[in-house]
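Taking it in order: structure first as structure tokens, then the write-up.
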Amino acid sequence: MLRVLAVDDEEPALGELLYLLRADPRVRSAEGATDATGALRRIGRALEAGPDGDETIDVVFLDIHMAGLTGLDLARLLAGFARPPLIVFVTAHEGFAVQAFDLKAVDYVLKPVRRERLAEAVRRVRELVHAPVPEPEHIPVELGGVTRFVAVDDIAYVEAQGDYARLHTDEGSHLVRIPLSTLEERWAARGFVRIHRSHLVALGRIDELRLDGGATSVRVGSTELAVSRRHARQLRDLLMRRAGG
């Protein structure tokens, strides 16, 4: 069951939100805060107690327009924490949805809050909180009559070679008969991004992004790879978000 913190500087709206949350059987506890400062103190206690402590907060239902720090300000601060709670924005304003999802909000609920819409937000949060941890994935490769199993997490980038793909790791490379487009779809959730029609790269293995005379490239270990124009902007955005910029 979920442990919830609701934040709104308008007490009637906060009271109504807490009433609806506490009526949901999937919510174990729902606390309220009337400003971002109080919410930060409460979340700080939760993080100090650890993920298994009684103070844990799974999700913050957060208003956007508040005196002092806004809900967006608070979400940006929380994004810098090692284990931040999930965020659901609850607001009367439609115009901040893009910023909200850039901050990785789980949902964006408009006021006046309807019970059914809030229940849907709770469902989405619960699925994420209780999602199973993905098992390490391996891919079989043939080498001199021997089948090896290479961990996907060990692959730095993948190079298209016709109907085949060459997997590059720190120890060497392996050729597999799988199209690059198939691996792109299969490994998107593991942080692999297409940077060129010929290359798929693990986002976490990119050491440098280089801009030179309008051309974009990345350095992965000692290898420099070209980034096509159609992928350059998306890649820069992804790298900035990953860095917290």
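Some points to look at:
- Residue count for the range 154-172 under the criterion of being of a type in the set (S, T, N, Q) and open to solvent by 30 Å² or more (accessible area, probe 1.4 Å): the result is 1.
- Single match in G145, G191 (criterion: within 28 Å of R219 (Cα to Cα) and surrounded by fewer than 18 Cβ atoms within 10 Å (Cβ to Cβ)): G191
- E184 being surrounded by 11 or more Cβ atoms within 10 Å (Cβ to Cβ) and of a type in the set (D, E, K, R): yes
- Within the option set L69, L2, being among the hydrophobic types (A, V, I, L, M, F, W, C), touching an Asp or Glu at 6+ places or on another chain (Cβ under 6 Å) and in contact (Cβ under 8 Å) with a residue 24 or more places away in the chain holds for one residue only, L2.
- In the range 1-29, the residue that is farthest from T56 (Cα to Cα) out of those that are out of contact with any Phe, Trp or Tyr (no Cβ under 6 Å at 6 or more places or on another chain) and assigned to a strand (DSSP E or B) is V7.
- Counting residues in the range 126-138 that are β-branched (V, I, T), at pLDDT below 90 and within 25 Å of the chain's Cα centre (by Cα) gives one or more.
- Residue in the range 63-77 that is within 22 Å of the chain's Cα centre (by Cα), closer than 19 Å to R123 by Cα and of a type in the set (A, V, I, L, M, F, W, C) present: no
- The condition of being touching a helix residue (DSSP H, G or I) at 6+ places or on another chain (Cβ under 9 Å), open to solvent by less than 60 Å² (accessible area, probe 1.4 Å) and of a type outside the set (V, I, T) does not hold for L110.
- In the range 158-191, the residues that are touching a helix residue (DSSP H, G or I) at 6+ places or on another chain (Cβ under 7 Å) and part of a strand (DSSP E or B): V158, A160, A165, T169
- Some residue of the range 166-176 being under 26 Å from the mean Cα position of the chain (by Cα) and in contact (Cβ under 8 Å) with a residue 60 or more places away in the chain: no
- Residue list for the range 78-105, restricted to those being surrounded by 12 or more Cβ atoms within 10 Å (Cβ to Cβ) and either at positive phi or more than 15 Å from the chain's Cα centre (by Cα) (or both): F89, V90, T91, A92, H93, F96, A97, K104
- Of the numbered criteria (1) free of Cβ contacts under 8 Å to residues at least 24 places away in the same chain; (2) among the acidic types (D, E); (3) touching an Asp or Glu at 6+ places or on another chain (Cβ under 9 Å), the one D153 fails is (1).
- Entry remark, the range 44-77: residues being surrounded by fewer than 18 Cβ atoms within 10 Å (Cβ to Cβ), within 16 Å of A105 (Cα to Cα), among the charged types (D, E, K, R) and touching a helix residue (DSSP H, G or I) at 6+ places or on another chain (Cβ under 8 Å) number 1 in total.
- Criterion applied to S217, S222, S228, S198 was being out of contact with any strand residue (DSSP E or B) (no Cβ under 6 Å at 6 or more places or on another chain) and among the hydroxyl-bearing types (S, T, Y), and the one residue passing it is S222.
The values are calculated or read from the model by the stated rules, or taken from the named source; none is laboratory data. Here the structure is a predicted model, which means the values were calculated and not measured. With ideal geometry, Cβ positions are generated from the backbone for all residues, glycine too; neighbour counts draw on all protein chains shown. The protein model used for the area step is the full one, side chains on, heavy atoms only, and it has no ligands, DNA or RNA in it. Shrake-Rupley method; radii C 1.70, N 1.55, O 1.52, S 1.80 Å.
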